[in-house]
Amino acid sequence: MHSPMRTPLGRVRGLGSARSGTEHFFVQRLTAIGTLILAVIFLCIVISLLGESYNTVHATLANPLVAVVILLMLLSITVHMRIGMQVVIEDYLHNEGVKVLAIIANTFFTTVIGLAGAFAVLKISMGG
Amino acid sequence: MADSPPRIVRPISPHLQIYRPLFTMVMSIVHRITGMALYFGTVLLVWWLLAAASSPNAYTTFANVAGSWIGRLVLLGFTWALIHHALGGVRHLIWDTIHGFGPKERVLLAKATLAGSIALTIIVWAIGLAVKS
């Protein structure tokens, strides 16, 4: 079957005009499982630091294992929450302009959260 | 040229205001609400990390706010939202395996999610308060 409207590459990829298929669905599950594991470890770290002094908290966050867990969690949650909020935006905001602005703001917010958190952890880890 | 037919106002699909709230439906909505709460709650997480990366003074400010009664109330809600959303997520993962869709299973899973989230929140806070004292 040949359609003049689709390129051979487009047919091979099997994707429509949205240019993506189940990527969001899959990544949302992937990050859910990742966050599930990481959040349990993170919760243990937070409980161990309750009421502790600045120096203790700083020293714990400087531990490479703790730092890597938090960095991985930041990556996992920001990807997960960006997709999740985009679904909510697409479901409830029907004005095209407002919707596009909200999706842009969503990307900005999740990027800032991820980068700011990662910067803080890395600064502590690198002896800041 | 013929007149275009008048636009017919068709009934739109029934939505939240129309349906009688069902337990599983409310749980689905709560999953979204907790997800959104956690979304904005990440500001607290980043505040904590940035405060620890900044200075003892910045950390004291954070610790004072987090330790105040309103701060603790927010953190309690944060804990419950996190656990509820996590268990709701596990429920979704079970559904992904094409299990848990039966009429009894659906309600059972929803009840387990709600009961589990409350129980685990109490356990986490009990451990937290025990560790702190």
Explain nothing, just the number: relative contact order of chain A, from Cα pairs under 8 Å at least 6 residues apart, as a whole percent. 30 percent
With n ≥ 4 as the cut-off for DSSP H runs, can you work out [θ] at 222 nm for chain A, using -39500 (n - 2.57) per run divided by the number of residues, rounded to the nearest 500? -27000 deg cm²/dmol
Report, in order of residue number, the helices in chain A meeting two criteria: a C-alpha extent of 24 Å or more along the helix axis, and a mean Kyte-Doolittle hydropathy of at least 1.0; treat each whole DSSP H run as one helix. A:23-49, A:64-92, A:96-125
Work out the mean other chain Cβ neighbour count within 10 Å for the residues of A:45-56 and drop it here as an integer. 5
If you line up the long axis of helix B:56-67 against the longest principal axis of chain B, both from Cα atoms, how many degrees apart are they, to the nearest 10? 60 degrees
Tilt of helix B:69-96 relative to the longest C-alpha principal axis of chain B, in degrees (0 to 90, nearest 10)? 50 degrees
Per-residue [θ]222 nm for chain B (sum of -39500 (n - 2.57) over DSSP H runs n ≥ 4, rounded to 500): -27000 deg cm²/dmol
Please report the relative contact order for segment B:23-132, taking Cα pairs under 8 Å with a sequence separation of at least 6, and give it as a percent rounded to a whole number. 33 percent
Would you calculate the volume per residue, in Å³, of the smallest convex hull containing every Cα atom of chain A? 165 Å³
Determine the shielding of peptide A:62-69 by partner chains: average, over its residues, the number of Cβ atoms on other chains within 10 angstrom of each Cβ. 0
With a ≥ b ≥ c from the Cα gyration tensor eigenvalues, square-rooted, and the rule rounded for a/c under 1.5, otherwise prolate when a/b > b/c and oblate otherwise, chain B is oblate
Using packing as a proxy for protection, rank A:75-87, B:34-46 so that the peptide with the highest average count of other Cβ atoms within 10 Å comes first. A:75-87, B:34-46
Of the peptides B:105-117, A:44-56, how do they stack up when ordered by the mean number of other Cβ atoms within 10 Å, highest first? B:105-117, A:44-56
Cα long-axis angle, helix B:103-132 against chain B (0 to 90 degrees, to the nearest 10): 20 degrees
Using only atoms on other chains, find how many Cβ atoms lie within 10 Å of each Cβ of peptide B:52-64 and report the average. 4
Counting only Cα, what are the radius of gyration and maximum Cα-Cα distance Dmax of segment A:72-117, in Å? 11.2, 35
In Å, what Kirkwood hydrodynamic radius results for the protein assembly as shown from the alpha-carbon pair distances? 21.3 Å
B:Ala112 versus A:Ile37: modelled label distance in nm, points set 7 Å from Cα along the beta carbon direction: 2.2 nm
If R0 = 22 Å, then B:Arg72 and A:Leu72, at their Cβ-Cβ distance, give a FRET efficiency to the nearest 0.05 of 0.20
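FYI, it's all coordinate maths here, none of it is from the lab. Keep in mind that this is a model prediction, so the values were computed, not measured. In this analysis, Cβ positions are derived from the backbone assuming ideal geometry, glycine residues included, and neighbour counts consider all displayed protein chains.
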